[in-house]
Structure formats: structure tokens, C-alpha cells
Amino acid sequence: MASGTIKNMLSSPGQFTEAQQNEINFRDIKAIVLEKVCKYLYYKVRYTNTRDKELPDFPIDVEIALELMMAADFLDC
């Protein structure tokens, strides 16, 4: 799994409500930031161990850059 935090939340036995309900709510992360994190996680999985010499750029909007870094840090991306 690309996010250590999400993996721990869903797979830890009995420690998180999220693991019991199999559902995670990120109330403190704006939808636009969370959407970008999801796109990055897909990008990360898609291009990890690729043999392509040149990876495509992953665009980040300047307006959400700080919030995106904080979300990525929290989610261990």
C-alpha cells in the first residue's frame, strides 16, 4: 500500500475504528487536497520500479502546495 498511515489504520487489529468499519474519514483534509493525494498515490504505484528513463511530471498547483505537503506528511506518502 502506498500510504503507511492508511495501511496502519485499516490493518491494525482493533486499534482503529477505521479497521473495524473499513472506512476512513479525513475531516481535516480539504477535498481538493485529498483528491490530489489520491492521484499521487496512483502515480507512485504506477511508476515505482518502472524502467522508463523519464517519468512524467506530477503537476502540483501552487495554491495547495503547502496543504498538500502537510497531508502527504500525515499520510506517510
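The values are calculated or read from the model by the stated rules, or taken from the named source; none is laboratory data. Values in this document were obtained by computation on a predicted structure and should not be read as measured data. So basically every Cβ, Gly included, is an ideal-geometry build from the backbone, and we count neighbours across all protein chains shown. In case anyone asks, the SASA skips ligands and DNA or RNA and just uses the protein heavy atoms, side chains included. Shrake-Rupley method; radii C 1.70, N 1.55, O 1.52, S 1.80 Å.
A few remarks follow.
- Some residue of the stretch 1-16 being of a type in the set (A, V, I, L, M) and open to solvent by 100 Å² or more (accessible area, probe 1.4 Å): yes
- Restricting the stretch 19-77 to residues that are among the small types (Gly, Ala, Ser) and closer than 17 Å to SER3 by Cα, the residue that is nearest to the chain's Cα centre (by Cα) is ALA72.
- Subset tally (residues that are free of Cβ contacts under 8 Å to residues at least 24 places away in the same chain, open to solvent by 100 Å² or more (accessible area, probe 1.4 Å) and not basic (Lys, Arg)) for the stretch 47-77: 9
Quick grid of which residues meet (1) modelled with pLDDT under 80; (2) of a type outside the set (D, E, K, R):
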{"site": "ASN8", "(1), (2)": "yes, yes"}
{"site": "SER12", "(1), (2)": "yes, yes"}
{"site": "LYS36", "(1), (2)": "no, no"}
{"site": "LEU41", "(1), (2)": "no, yes"}
{"site": "GLU54", "(1), (2)": "no, no"}
{"site": "PRO59", "(1), (2)": "no, yes"}
{"site": "PHE74", "(1), (2)": "no, yes"}
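- In the stretch 26-46, the residues that are in contact (Cβ under 8 Å) with a residue 24 or more places away in the chain and within 13 Å of MET69 (Cα to Cα) form Cβ pairs under 6 Å with partners that are of a type outside the set (Asp, Glu) and surrounded by fewer than 17 Cβ atoms within 10 Å (Cβ to Cβ), at six or more places apart or across chains, as follows: VAL33/ILE64; LEU34/PHE26.
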